[in-house]
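What follows is one structure encoded as structure tokens, with my remarks underneath.
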Amino acid sequence: VTDPHNLNLWLKLNDKTVQDGSTANFIFNIPYLVSYVSRFMTLLPGDIISTGTPAGVGLGMKPPVYLKPGDIMELGIDGLGTSKQEVIAFSK
């Protein structure tokens, strides 16, 4: 990754892009976030620091959109990769 402060972030729900953002919009830069979190816990390789989410959260849509069984979510960060999940119903 050449510039971690300028990476595109996106999320698709059932092949429709619902979130599209950039690390350039973070309130705090990445070194600050790592330093801050390190005050409270030991970070190890592979740990993830959750920073929030770009606009496009389902609850904020009109009408609201909630995940349901069978929905496919795909998310990605340019230069880092993608992840794809299918929503399944909870069962005991």
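The values are calculated or read from the model by the stated rules, or taken from the named source; none is laboratory data. In this text, all values refer to a predicted model and were calculated from it rather than measured experimentally. Cβ: placed from backbone, ideal geometry, glycine included. Neighbour counts: every protein chain shown. We work out accessible area using only protein heavy atoms, side chains counted, and drop any ligands, DNA or RNA first. Shrake-Rupley method; radii C 1.70, N 1.55, O 1.52, S 1.80 Å.
Within region 74-92, the set of residues being under 11 Å from the mean Cα position of the chain (by Cα) and of a type in the set (A, V, I, L, M) comprises L75, I77. Filtered by the rule that a residue be of a type in the set (A, V, I, L, M) and assigned to a loop (DSSP other than H, G, I, E, B), region 1-49 gives V1, L7, I27, M41, L43, L44, I48, I49. For region 50-67, a residue qualifies if it is open to solvent by less than 60 Å² (accessible area, probe 1.4 Å) and part of a helix (DSSP H, G or I), and exactly one does: G58.
When L9, L43 are screened for being surrounded by 11 or more Cβ atoms within 10 Å (Cβ to Cβ) and farther than 23 Å from V87 by Cα, only L43 passes. Here Q85 meets each of (1) at pLDDT below 90; (2) within 30 Å of T2 (Cβ to Cβ) with one exception, condition (1).
Yes or no, residue by residue, for (1) at pLDDT 95 or above; (2) open to solvent by less than 60 Å² (accessible area, probe 1.4 Å); (3) farther than 18 Å from L75 by Cβ:
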{"site": "N14", "(1), (2), (3)": "yes, no, no"}
{"site": "D20", "(1), (2), (3)": "no, no, no"}
{"site": "T23", "(1), (2), (3)": "no, yes, no"}
{"site": "L33", "(1), (2), (3)": "no, yes, yes"}
{"site": "R39", "(1), (2), (3)": "yes, no, yes"}
{"site": "I48", "(1), (2), (3)": "no, no, no"}
